[in-house]
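Here the structure comes first, spelled out in structure tokens, and everything after it is commentary.
What follows is calculated from the coordinates using simple rules that are stated; it is not laboratory data. All values reported here derive from a predicted model rather than from experimental measurement. Cβ coordinates were reconstructed from backbone atoms using ideal geometry, including for glycine residues, and neighbour counts include every protein chain displayed.
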Amino acid sequence: MTTLHRILCDRVTPTPWRNGAGLTRDLLHWPDAADWRARISVADIDVDSPFSAFAGIERWFAVVEGSGVRLRLPGGVCSVVAEGPALHFRGEDAPACELIDGPTRDLNLMCRRGQGSVDMRRAEVGVAFETGARLRALFSADALTLFTDAGETAVTPFTLVWAEGATGSWRIGSTMPKPRAWWMTFDPVHQP
């Protein structure tokens, strides 16, 4: 049976970004904080500012609350809004960030380059999520129900639920047609 771990975002103490321009809450470092290969965090952006540089890191970024942001990346300007998909970019690109209309709260998934495969996508009500990845997670900014082989789990707003080695399909249920929720996976490269 799958063991689910739950982390409530607002119970995690915020820490300053590497460049001091914002605050972040680290929700998960896998396999551990000292030598992580995958990291999930939630950041609060209150003013226009550059992102911190993370050399050798692949990043996925989604707006979970607020109007959104414009990121200036080497390939051009990208707008990321709460209703849209996650954006993938290289951590060393450290884009300048401009708020579209006020502060945002944002979901970040990071992976050390070459350490494994990662995915981050919107969760849809009633649509099964299946993966063979070693680490599987759901982050939701809205209240919903998570259905797994372990049964039903009530998920409160701004909560990360994750499991290692989970099997079977997961799905979400909600009274909202499109809850603010994202599936995330990490499948590490085997290292002898």
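Quick one: net charge of Ile100's neighbours, Cβ under 14 Å, K/R +1, D/E -1?
Net local charge, Ile100 excluded: -4.
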(request) Springs between alpha-carbon atoms under 10 Å, Gaussian network over the chain: tell me which of Asp35, Asp106, Asp142 tops the mean-square fluctuations. (result) Asp35
(message) Could you derive backbone 3J(HN,Hα) for the stretch 2-11 from the dihedral phi with the Karplus parameters 6.51, -1.76 and 1.60 (θ = phi - 60°), listing whole Hz in sequence and x where the residue is Gly or Pro?
(response) 6, 9, 8, 10, 10, 10, 8, 3, 6, 8
(message) If packing is taken as the average count of other Cβ atoms within 10 Å, what order do 116-123, 70-77 fall into, highest mean first?
(response) 116-123, 70-77
(request) Give the calculated FRET efficiency between Glu130 and Ala82 to the nearest 0.05, with a Förster radius of 22 Å applied to their Cβ-Cβ distance. (result) 0.30
(message) What does the C-alpha gyration tensor say about the overall shape of the chain? Classify as rounded when a/c is under 1.5, otherwise prolate if a/b is larger than b/c, or oblate.
(response) oblate
(request) In whole Hz, with x marking every Gly and Pro, tabulate ³J(HN,Hα) for the stretch 168-173 from phi via Karplus 6.51 cos²θ - 1.76 cosθ + 1.60, θ = phi - 60°. (result) x, 8, 10, 8, 10, x
(message) I need the peptides 38-47, 147-156, 161-170 ranked by packing, meaning the mean over residues of other C-beta atoms within 10 angstrom, with the highest value on top.
(response) 38-47, 161-170, 147-156
(message) Give me the one-decimal nm value for the distance between modelled label points at Arg122 and Trp17, 7 Å along each residue's Cα-to-Cβ direction.
(response) 2.5
(message) Bin width 10 Å, origin at 0, all Cα-Cα pairs of the stretch 116-187: what percent of pairs per bin?
(response) 22, 60, 18, 0
